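Undergrad: Sharing a structure here in structure tokens format.
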Amino acid sequence: MKPDEDAELSDREFLAQVEEGTIAAERFSHIAHVRAAFLLLRDSGSFATAIDRMSRALKRIAEGAGVPEKYHETITVAFLALVHERMANAPAEEDWPTFIARNRDLVLSNPLAEYYSRDQLEDPLARRVFVLPARCRSAA
């Protein structure tokens, strides 16, 4: 797992930088994306609000980096849903370090591959709007 480069920032400072789009794009690693999802879901009060806030933040960051085309709606919503589900199975007071230690697969693998094919995620439609997964969750 790549170290969390922004671990020295408090949750509040980190989330402010993400939402304001002032976090440097090169420091906004995959683990930072997952941390932002966790914090937004915890802070927002509803899944819909978290989606809106995350989407706006990611678009701001991508635009600030000069690559607005990198924003991907399906990956954003699907990953938020995955983090939200994991949070629902945890104590309400769970903090970020505990959450990520318990859910290392979110940063060590590609958990969306269980639901989406590469072709489905590469489709321009999936980048613009949320598309439902073509794959079903495998039986546990």
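Each value in this text was obtained by applying a stated rule to the coordinates, not by laboratory testing. All values derive from a computational prediction rather than experimental measurement. FYI the Cβ positions are ideal-geometry reconstructions off the backbone, even for glycines, and counts take in every protein chain you see.
Undergrad: Give the longest segment of the chain that steers clear of trypsin sites (Lys or Arg not before Pro) in DSSP loops with at most 11 neighbouring Cβ atoms within 10 Å, not counting the sites themselves.
TA: Values: sites that count: R104, R137.
Result, exposed sites excluded: 1-103.
Undergrad: Nearest 0.05, what FRET efficiency do R128 and R27 give at R0 = 35 Å with Cβ-Cβ as r? Mind dumping the intermediate values first?
TA: Numbers: r = 27 Å, r/R0 = 0.76.
So, using R0 = 35 Å, E works out to roughly 0.85.
Undergrad: OK, next. Top mean-square fluctuation among L108, L41, L58, Gaussian network model of the chain, C-alpha springs under 10 Å?
TA: Comparing L108, L41, L58 in the GNM, the peak value goes to L108.
Undergrad: Residues with beta-carbon under 13 Å from that of A65, excluding A65: net charge, scoring Lys, Arg +1 and Asp, Glu -1? Before the final figure, lay out each step's value.
TA: Details: positive: R27, K59, R60, K70; negative: E26, E63, E69.
Within the 13 Å Cβ shell, the charges total +1.
Undergrad: While we're looking at this one, here's another question. Which distance in nm do the two modelled labels at S44 and E69 give, with both placed 7 Å along the Cα-to-Cβ direction?
TA: 2.7 nm
Undergrad: Related question: For the pair S10 and S55, how long in nm is the line joining their label points, each one 7 Å along Cα→Cβ?
TA: Taking the simple label geometry, S10 and S55 are separated by 3.1 nm.
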